[in-house]
Amino acid sequence: MIRLINELPQISTVSAEIIKINCLYDSFKNDPSVMFWVQDSDKCIIAMADGNMIIHNNNADLLELSEFVEVLSPACVFSDIDTLKAINRTPDENINVVCRKADVKGFTPCDDLKSDELYALLDVDGLSLPDYPHFAVDYCKRKNLGFAKAFAIKEKCAVITFNSGNNAIINGLASHEKGYGSIALKGILQQNYGKDFYACCRDSVLPFYLKNGFKKLYNAGYWVKNK
């Protein structure tokens, strides 16, 4: 049975999905519009905010999960590719989940940009951003609570990460000049030193992450309604 919960269970298996769910919980656990569910014996952890659903499958009852998703009718679902296919939500595009250790020491100088300046840098083809007011509220709340970091160089590049415990995940990286993507990545790795560092990327930018020390873990995807 899938039931609504107020406190997340401890899950030993780490995935991009559970990291995203943990990051959401850390910052919005007291927001009644953000909801979390668990399936019996922690077989599945589900979160939803603003119509966007995240599913972490830990040997879930897929029939029940499929029916649950159908009833809630989310606008978007993020999960591993096998789970999405099993619940008839096959995405149009493959997403690669990659990981490395944030073992880069030091400090790379950057600019302290306002949320609208960060948004302008990240608003590029290939990144799906919410509208600015939603982005600003979400990012600023996470940052003020200590669960978000940013590295940016004005007019050149920007990257944002969300973090929970010993894990961090990129929530957008954009470069406007050759070579600045690697600079942004180095800077944000330094800010997250010691953490297990994840990213979700399209096939077109997978070589960039592999070149920068990441290893591919598995395939995931975003299913979007009426796309």
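Rounded to whole Å, give me the distance from the Cα center of region 4-57 to that of region 84-140.
Value for the Cα centre distance between the two parts: 19 Å.
Below 18 Å, Cα to Cα, which lysines can K43 reach? Residues fewer than 8 away in the same chain don't count.
Correct list for K43: K20, K85.
Could you compute how fast region 1-84 diffuses translationally, taking Rh as the Kirkwood radius over C-alpha pairs and applying Stokes-Einstein at 37 °C with viscosity 0.692 mPa s? Give it in µm² per second. Show your work: numbers first, answer last.
On the way: Rh = 12.7 Å.
My calculation gives 259 µm²/s for D.
Taking 8 Å as the Cα distance limit and 6 or more residues as the minimum spacing, I'd like the relative contact order of region 56-127 as a percentage.
On the way: 20 pairs, mean separation 18.0, N = 72.
The normalised contact order for region 56-127 reaches 25 percent.
Report the net charge of residues surrounding M1, where surrounding means a beta-carbon distance below 15 angstrom and charges are Lys +1, Arg +1, Asp -1, Glu -1.
My count for the surroundings of M1 gives -3.
Got the relative contact order for region 26-87 handy, in percent, Cα pairs under 8 Å and 6 or more residues apart?
On the way: 79 pairs, mean separation 16.3, N = 62.
Relative contact order comes out at 26 percent.
From the helices alone, meaning DSSP H stretches of at least four residues, give me the mean residue ellipticity at 222 nm for the chain, per-run term -39500 (n - 2.57), in deg cm²/dmol to the nearest 500.
Details: 7 runs with 69 residues, N = 227.
After summing the helix terms and dividing by the residues of the chain, the value is -9000 deg cm²/dmol.
Compare A158, A86, A16 in a GNM of the chain, Cα atoms joined below 10 Å, and give the one with the largest fluctuation.
Among A158, A86, A16, the largest GNM mean-square fluctuation belongs to A86.
Quick one: helix 62-72 against the long Cα principal axis of the chain, what's the angle to the nearest 10°, folded into 0 to 90?
The angle comes out near 80 degrees.
In debye, nearest 20, what is the charge dipole magnitude of the chain about its Cα centre with +1 on Lys and Arg Cβ and -1 on Asp and Glu Cβ, if you could check? Each step should come with its number before you reach the end.
On the way: 25 positive and 28 negative charges, 172 e Å.
Roughly 820 debye for the chain.
Can you flag which of K101/K141; K114/K143; K29/K143 are past 18 Å Cα-Cα?
Numbers: K101/K141 26 Å; K114/K143 12 Å; K29/K143 15 Å.
Exceeds cut-off: K101/K141.
Please get the size of the charge dipole for region 112-219, origin at its Cα centre, with Cβ charges of +1 on Lys and Arg and -1 on Asp and Glu, quoted in debye to the nearest 20. Intermediate results must be reported in sequence, preceding the final value.
On the way: 14 positive and 11 negative charges, 98 e Å.
Using only the charged Cβ atoms, the result is roughly 480 debye.
At a Cα cut-off below 13 Å, give the aspartates and glutamates reachable from K178, other chains included and same-chain residues fewer than 8 away excluded.
E155
Using θ = phi - 60° and the Karplus relation 6.51 cos²θ - 1.76 cosθ + 1.60, list the HN-Hα couplings for region 4-17 in order, rounded to whole Hz, with x at every Gly or Pro.
6, 10, 9, 9, 6, x, 7, 10, 6, 6, 9, 9, 4, 5
In region 18-69, what percent of the accessible surface is made up of carbon and sulfur (1.4 Å probe, ligands and nucleic acids excluded)? Mind dumping the intermediate values first?
Details: 950 of 2120 Å².
About 45 percent, which is the carbon plus sulfur part of the accessible surface.
In nm, what is the difference between 0.36 nm times the number of residues separating E70 and R202 and their Cα-Cα distance? It would help to have the intermediate numbers written out before the result.
Details: separation 132, 0.36 × 132 = 47.52 nm, distance 2.64 nm.
Full-extension gain reported as 44.9 nm.
With a cut-off of 8 Å between alpha carbons and a minimum separation of six or more residues, what is the relative contact order of the chain in percent?
Values: 415 pairs, mean separation 57.2, N = 227.
This gives 25 percent for the chain.
Using a cut-off of 16 Å between alpha-carbon atoms, which aspartates and glutamates can reach K149, once sequence neighbours fewer than 8 places away in the same chain are excluded?
D26, D111, D112, D116, E117, D138, D196
The values are calculated or read from the model by the stated rules, or taken from the named source; none is laboratory data. Because the structure is predicted, anything quoted here is derived from the model rather than measured. As a convention, Cβ positions derive from the backbone with ideal geometry for all residues, glycine included, and neighbour counts pool all protein chains shown. Surface areas here come from the heavy atoms of the whole protein model, side chains and all, with no ligands, DNA or RNA. Shrake-Rupley method; radii C 1.70, N 1.55, O 1.52, S 1.80 Å.
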